[in-house]
1. Hey, rough spin-label estimate for TYR151 and LYS46, points 7 angstrom out along Cα→Cβ, what's it come to in nanometres?
2. If I model a spin label at LYS132 and LYS167 as a point 7 Å from the Cα along the Cα→Cβ vector, what separation in nanometres do I get?
3. Note the angle between two axes, namely the Cα long axis of helix 2-21 and the longest principal axis of the Cα atoms of the chain, as a number of degrees from 0 to 90, rounded to the nearest 10.
4. Please report, to two decimal places, log10 I(q)/I(0) for the chain at q = 0.14, 0.19 Å⁻¹ as given by the Debye formula with identical point scatterers on the Cα atoms and no solvent.
5. Show me the three semi-axes of the equivalent ellipsoid for segment 99-189, from the C-alpha gyration tensor (sqrt of 5 times each eigenvalue), largest first, rounded to whole Å.
6. Any of LYS59/LYS106; LYS106/LYS136; LYS59/LYS136; LYS95/LYS149; LYS58/LYS144; LYS46/LYS95 with alpha carbons more than 24 Å apart? Name them for me.
7. Using the crude model of +1 on Lys and Arg Cβ and -1 on Asp and Glu Cβ, and no other charge, please compute the dipole size for the chain relative to its Cα centre, in debye to 20.
8. Describe numerically, in nm with one decimal, the distance between label points set 7 Å from Cα along Cα→Cβ at PHE82 and at ASP38.
Amino acid sequence: MNLIKINIKIIILIFITSRLFSQSIDFFQEEIDINVNDNNCTVTGKYYFKNLSSKGIKKSLYYPFFIDTNSLYPDSITVIDFAKNENIDFRKSKKGVFFSVFVEPKSVSIIEVFYKQKTLSNKMEYILTTTKVWGKPLEFAKFKIKIPKKYKLKHISYKYDKNLEQKEHNIYKITKKDFLPEKNLIIKW
């Protein structure tokens, strides 16, 4: 009986220790530019990852796209290590891509993802709710949505902070701090 209690205590101690000292990276910020065009939208996202440990960490990530009958699988995709200006290989799946991120010890890596997605209706959806997988809010998020003036904005699922008018476009800016999204970013025009 005492041997069983000792074994359970050892297992719990190993579990707690491994959780405390497990190495992980932290996804803490994103900056997203969305451009609405005729029959497509482009998304350029910069994603910030930090590593507070004394060892480099490599992590596999899944990047989802919103796909339905009106939003097709992107026809152009690039993933870049922004600091190194190097392409990162990725593997396509049915509704997204897989790639790996390497973050040097006690540093930050910025990964840029670009994609162009055909839109068969005047609607675009950018997935935000997967942020919950990281178990904490983003420290900072910034979104810039650029829509040609020939289209009238009908809906943005988050309140925008600024609306800038240019000669041929309207730009809507959204900034969030301590942001754990409960819904996706949906734009209708």
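Read-outs throughout are calculated quantities, based only on the coordinates presented, and are distinct from any laboratory measurement. From a predicted model like this one, the values you see are computed outputs, not experimental measurements. FYI the Cβ positions are ideal-geometry reconstructions off the backbone, even for glycines, and counts take in every protein chain you see.
1. Calculated label separation equals 2.4 nm.
2. It works out to 4.5 nm between the two label points.
3. Approximately 40 degrees, to the nearest ten.
4. -0.85, -1.36
5. Numbers: eigenvalues 152, 46, 42 Å².
Equivalent ellipsoid of segment 99-189: 28, 15, 15 Å, largest first.
6. Working: LYS59/LYS106 15 Å; LYS106/LYS136 20 Å; LYS59/LYS136 17 Å; LYS95/LYS149 31 Å; LYS58/LYS144 30 Å; LYS46/LYS95 20 Å.
Flagged as over cut-off: LYS95/LYS149; LYS58/LYS144.
7. Details: 34 positive and 19 negative charges, 89 e Å.
Result for the chain is approximately 420 debye, rounded to the nearest 20.
8. 3.2 nm
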